[in-house]
Every structure is written in structure tokens, then in C-alpha cells.
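Remarks on the structure that follows.
Bear in mind that the values in this text are calculations on the coordinates, not laboratory data. Computed from a predicted model, the values in this text were never measured in an experiment. So basically every Cβ, Gly included, is an ideal-geometry build from the backbone, and we count neighbours across all protein chains shown.
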């Protein structure tokens, strides 16, 4: 499943396991081809189930991932609060062999752990959730100095492709004047937004300094990633993190 999974390149403890899937290596047919893990996008349910099972087996997951019903909110749940169709955009866990999962197709996946590997979290950070405080709300779950936190920013729409209106810039500027540097004017009062930089600014403001990743573009890398902005009807990748039993 080598072409189906990206390595999370960060200095996390060895017992912290983290992966992000690509669009390759599954059974779904176009426009969901092929490793679509989203059961809410119009794909055939049986194929989504088969793809999820393939992921469990090929990635040697210790348990079925705790899938969320994502709504672009700032809601965070603890893994022990999980239930089917729970509405949240981030999940936090401090127990072993519990797989936290979020799905994306342009929005920013954020994975977190601490230097000792005692706690983990996975965040679905679209611009709405990011602006509303999904990162801050997730960091609040960690019972340690935030300087101990390690973060990886997964595949999202890149700064040359993410065009937004002035209302998006205004929303970020209202809470952080530094956000202006993440927006580049284009034409007709539109802007290119750097969601990676916006996330880094939010993390840095909380005292997080160990930030890795942030060098993909789901929009431009069509052979590797799903992109809702590019294709409209499309599949979803997953970013997963868990604490392996030692």
C-alpha cells in the first residue's frame, strides 16, 4: 500500500503512529477513484466499506478508526466520547490503540502529539474551523505546556490555488492582525489564502514551535490527492494517529 499512504515526517516518539492516505489503491470508480474513504460524498457504500477495510488491513491499524461527522466547526471530542455520527472536527485521545481519524479533500489535516507521546489529536481544519478556533480548542485538551506539543500539517490546498473572498480575510483579521501576511490580492477584490501559514500563526500564538509538514497542494497534485475545489464531486483522504501499545 506504499502509494496509498504518505509518511508523516516529524520527530514524534516511535510509539506514535501517524499516516495520511492518498487517493490511490482503492476500489472506488470515477469520480471517487480510487481510495475514497468518505461515506458522505455519493460513492457506493459497499466500495467505501471495502476501502476502509483495506486501509485497516494494509496499514495494520490496531482498531477501526473513529470516523467523525465533520461540519467545519470548532468542536473537539475526546475519544471516549465517540459514537457513530458524532459531530466534531477534531478528536483527542490519551489511550493506546485508539485510532483518531479525520477526512479531507483540500481542508487542512493537523496531527498533534507531545514529546513523550502520551496524548494525540487529529484536526480537520477548514478555514471556517481554523478561524473559529479549532486549533486552540484542541490544544486546550493537552494537560502540559504547549511548548511540548509536536504538530504535523498534512496535505491541503496550496497558497497558489486557494482563492477566497474578502470576507475570509476580514474574518481572520478580526482576531489576528498578523493574518494579513497569509493573503495575497489577486483581482476583483479576491485573495489567495495560505492556509498553512494561517495554521502556523495560530499554533505559534499558543506557544507551539515544533511544526512540521505543510508542503503539499491537493489542488495541483491531481494524481495523488482528492480536491473538492478542483473537482466538486470527489472522494476523501484520511489522516490518522494513534498511540501504539508499548
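Sorted from longest to shortest, the spans of the Cα atoms of segment 128-242 along the three principal axes equal 43, 33, 20 Å.
From most to least packed by mean Cβ count within 10 Å, the peptides 195-201, 65-71 give 195-201, 65-71. Normalised by the number of residues in segment 32-169, the mean separation of alpha-carbon contacts (under 8 Å, six or more apart) gives a relative contact order of 20 percent. Classify segment 33-111 as rounded, prolate or oblate from the Cα gyration tensor: take a ≥ b ≥ c as the square roots of its eigenvalues, call it rounded if a/c is under 1.5, otherwise prolate when a/b beats b/c and oblate if not. Cα axes put segment 33-111 in the oblate bin.
May I ask you to derive the relative contact order of the chain, considering only C-alpha pairs under 8 Å and at least 6 residues apart, and to give it as an integer percent? This gives 27 percent for the chain.
Each peptide in 137-143, 150-156, 8-14, 82-88 receives the mean, over its residues, of other Cβ atoms within 10 Å, and ordering these scores from highest gives 150-156, 137-143, 8-14, 82-88.
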